[in-house]
Amino acid sequence: MTLAKKTENKVSENDYLEGELISDIKHEYIDGIVYAMSGASKNHNRISQNISRELGNLFKQIQSSCEVFSSDMKIRESNNTVKYFYPDVLVTCDTDDNENEYYTNSPVIIFEVLSKSTRKYDLTDKKLYYFNIPILEEYVVIEQDFCRIEVFKKSENWRVTSYFLGDSIHFASLDIRLSVEDIYNQVNNEDMLKLLKETDNH
């Protein structure tokens with residue numbers, strides 16, 4: 001997804017939230033400025049759907065109270081100034097998080113699928129905004145053009161660990177594992193095409 005500044009003048013938080021209810025396009029909100037979001041690629045959507053499906057199935061199996069939300073759910077971050085973001089996937093385990101039906105204050109893990117247009121932002125400013133969320137334990141960034149996943153853990157002072165095809169990732173905040181291959185299921189990039197070719201040859 002890409003972001004484009006929609007307004008030069010600052011918009012109130014209430015006006016932003018009311019506007020999102022009727023808008024055909026999603027917008028993020030940073031320090032009173034509204035940014036329009038464009039659509040995502042097929043691979044981007046495949047990765048997001050894979051994560052949501054795998055997490056949802058695991059939560060059902062272990063009867064977890066945690067919930068997984070896709071890119072239509074906003075996160076509210078209010079360190080210094082109010083900000084709203086639409087991450088690709090988030091998980092909340094706070095059963096008392098009922099302040100609003102359209103956003104959450106309590107994500108324990110956030111997943112963002114990187115694109116060329118948002119890579120720098122997702123790995124710099126947005127990452128720091130997310131790190132300011134008190135309850136957040138892990139931030140996960142996922143490449144779509146090749147198979148690499150980076151996990152930042154609060155418990156390790158936000159040190160990053162990289163994962164590749166063949167790896168299994170333990171998400172400590174949820175105490176569950178997902179394989180890199182499952183996250184990239186049906187994704188058409190060079191690494192996955194190579195893996196499929198190698199599998200067919202055996």
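The values are calculated or read from the model by the stated rules, or taken from the named source; none is laboratory data. In this text the structure is predicted, and so the values were computed from the model without any measurement. Cβ sites come from the backbone with ideal geometry, for glycine too, and all protein chains shown count toward neighbours.
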Take the residues in region 116-168 that are assigned to a strand (DSSP E or B) and among the charged types (D, E, K, R), then tell me which one is surrounded by the most Cβ atoms within 10 Å (Cβ to Cβ).
138
Report the residue count in region 1-16 for those that are modelled with pLDDT under 80, farther than 21 Å from residue 71 by Cα and hydrophobic (A, V, I, L, M, F, W, C).
0
Any chance region 43-64 includes a residue that's aliphatic (A, V, I, L, M), modelled with pLDDT of 95 or more, surrounded by 14 or more Cβ atoms within 10 Å (Cβ to Cβ) and under 19 Å from residue 133 (Cα atoms)?
no
With the checklist (1) closer than 21 Å to residue 118 by Cα; (2) touching a Gly at 6+ places or on another chain (Cβ under 9 Å); (3) in a loop (DSSP other than H, G, I, E, B) in hand, flag the one item residue 72 doesn't pass.
(2)
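Against the condition surrounded by fewer than 18 Cβ atoms within 10 Å (Cβ to Cβ), free of Cβ contacts under 8 Å to residues at least 24 places away in the same chain and acidic (Asp, Glu), how does residue 31 come out, does it pass? So that I can check it myself, show each step before the final result.
On the way: surrounded by fewer than 18 Cβ atoms within 10 Å (Cβ to Cβ): yes; free of Cβ contacts under 8 Å to residues at least 24 places away in the same chain: no; acidic (Asp, Glu): yes.
Here the answer is no, as residue 31 does not meet what is asked.
May I ask you to list the residues in region 33-69 that are part of a strand (DSSP E or B) and either of a type outside the set (A, V, I, L, M, F, W, C) or farther than 27 Å from residue 172 by Cβ (or both)? Break it down into steps so the answer makes sense when it comes.
Here is the first cut: in region 33-69, the residues part of a strand (DSSP E or B) are 33-37, 67-69.
Listed by number, the residues that qualify are 33, 34, 35, 36, 37, 67.
Would a scan of region 106-113 turn up a residue that is of a type in the set (Asp, Glu), closer than 27 Å to residue 18 by Cα, in contact with a strand residue (DSSP E or B) (Cβ under 6 Å, 6 or more places away or on another chain) and free of Cβ contacts under 8 Å to residues at least 40 places away in the same chain? Write out each step before concluding.
Within region 106-113, the first condition is being of a type in the set (Asp, Glu), and the residues that meet it are 112.
Still in the list and also closer than 27 Å to residue 18 by Cα: 112.
Filter once more, keeping what is in contact with a strand residue (DSSP E or B) (Cβ under 6 Å, 6 or more places away or on another chain): 112.
With free of Cβ contacts under 8 Å to residues at least 40 places away in the same chain added as a condition, the list becomes 112.
Within region 106-113 (the criterion being of a type in the set (Asp, Glu), closer than 27 Å to residue 18 by Cα, in contact with a strand residue (DSSP E or B) (Cβ under 6 Å, 6 or more places away or on another chain) and free of Cβ contacts under 8 Å to residues at least 40 places away in the same chain), the answer is yes, since at least one residue qualifies.
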Hey, among the residues in region 169-202 that are hydroxyl-bearing (Ser, Thr, Tyr) and assigned to a loop (DSSP other than H, G, I, E, B), which one's surrounded by the most Cβ atoms within 10 Å (Cβ to Cβ)?
184
